[in-house]
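Shown next, in structure tokens, is the structure this report addresses.
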Amino acid sequence: MSERVIPPKPLSFPGGIHPAKDGKGLTEHKAVEKAPLLEDYVVLVSQNVGAPPKVTVKKGDAVKKGDILAEAGGFVSAALHSPTSGVITDIGEAPGPMGVNVPAIFIKADGLDEWSDKLPAGLNWREASADELKSRIASSGIVGMGGAAFPTHVKLSPPPDKKIDCVILNGAECEPYLTADHRLMVETPERVLAGAAIMGKILGVENIAIGVELNKPDAIAALEARAQEYGVKIVGLKVQYPQGSEKQLIYAITGRCVPTGGLPMDAGCVVQNVATAAAIYDAVAEGHPLIERVVTITGDIVVNPGNYLVRIGTPVIKLVEWASGVKSEPRKLILGGPMMGFAQKSYNVPVSKNTSGVLLLGGAEIIQYESSSCIRCGMCVRGCPMHLSPGPLSMLIENEKFDLAGQNHVMDCLECGACAYACPAHRPLVQHMRRAKAEIRRAGKK
Ligand code: SF4
Ligand code: SF4
């Protein structure tokens, strides 16, 4: 076993907050349970940033587990695969995570759960070429599973003028309540480590690090026990939100700053989530496309919160049932965590490739605040990890001075919510930032 190395002073970034209640104790020690097979799955067609994939099946088609349902709609796109064997019963619409109905493929399972015979054989990643590995990742429909859903093969194809010398895996899981990544690192560290090493091989990079917040000592220990054989360094990070944000993670681990308007590659880095790394390993070593993921179902009102390995296309209501329901009437259903997740209006919204958690909040946890005038206390400035001035920015935006907000770098806003969390006047700062960003993007498209 390699010696456990944690920097004497945990690495971090300037700004940020420490939420008073992290809610992780509800599920952090709950082992991942394999979800039962369902009779019906609803696979949303567009689960990636970029072009939506093109549906290649039609009503009545028989499919096997892993068969292609939709081909990538361009380079920045990701293929979709069947989560089980069965029959396509409809190509229609279903509730999407952004609150509107979106195109979806409906599958009636046959109960056999048979793998497709069209899937490629597993590769020995140490012997395969970088092009073979990248092509396998692209054909397996892998996207950023930490929330961004950016196609992974695109991130692994930086332009020739961008010199990448560092691969960073995000194992911070800084969002309160979520523990899916935590359990993945504890229970299958070798998949995460191998996925990281595969990315290093594709990019020709030897400097590979996994950043994990220090509130997950068991995950750090599990990764460090095998890290040396994969040439990966495990870095303990201060518990601070939003430690898992790409720019903050790069700064904490390398000391480099991503320039304003830039990408991690502008700082010589490629950042991926640990679940994405595990999916890469499955695609390369097993030939399995991305059809399942670990999801945390949690909240104080959930009877038996836990972590489940679920198929993509599983309606959220099934997770609530597996967790034995709720103790009291939920007031809010959120996909993701409480800071950056999205409130839902339907329990039929299905799990997508980037669904890390399902959070149910009850009466005691939902407090309706009246927003009041800014008292210029500066708490939002202190909390902002992007060195913005959210209070003054929000006043510009309220007065529809979007150009001025743009000149004051509102486009750099991560929408992390740290400012709103810190604001004693309960100003809707994130909503203001989102509005300004949308207006600036809209104006740019005219
Ligand atoms: S939401 Fe935007 S403005 Fe507010 S703290 Fe996060 S990055 Fe800063
Ligand atoms: S935290 Fe709220 S009240 Fe304080 S300066 Fe920022 S916007 Fe104003």
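Hey, does the range 343-359 have a residue that's within 16 Å of ligand 1 (Cβ to nearest atom) and open to solvent by less than 20 Å² (accessible area, probe 1.4 Å)? Among the residues of the range 343-359, not one is within 16 Å of ligand 1 (Cβ to nearest atom) and open to solvent by less than 20 Å² (accessible area, probe 1.4 Å), which makes the answer no.
Could you please give the count of residues in the range 426-446 that are within 14 Å of ligand 2 (Cβ to nearest atom) and buried (at least 18 other Cβ atoms within 10 Å of the Cβ)?
Narrowing the range 426-446 to residues within 14 Å of ligand 2 (Cβ to nearest atom): 426-433.
Those still in the list that are buried (at least 18 other Cβ atoms within 10 Å of the Cβ) too: 427, 429-430, 432-433.
The number of residues fulfilling the criteria is 5.
Name every residue in the range 382-408 that is touching a residue at least 24 places away in the same chain (Cβ under 8 Å), closer than 21 Å to residue 245 by Cα, within 12 Å of ligand 2 (Cβ to nearest atom) and surrounded by fewer than 20 Cβ atoms within 10 Å (Cβ to Cβ), in order of residue number. Scanning the range 382-408 gives a single hit, 382.
The values are calculated or read from the model by the stated rules, or taken from the named source; none is laboratory data. Being a predicted model, the structure only gives us computed values, none of them experimental. Because the Cβ atoms are built from the backbone with ideal geometry, glycine has one as well, and the counts that use them run over all protein chains shown. In case anyone asks, the SASA skips ligands and DNA or RNA and just uses the protein heavy atoms, side chains included. Shrake-Rupley method; radii C 1.70, N 1.55, O 1.52, S 1.80 Å.
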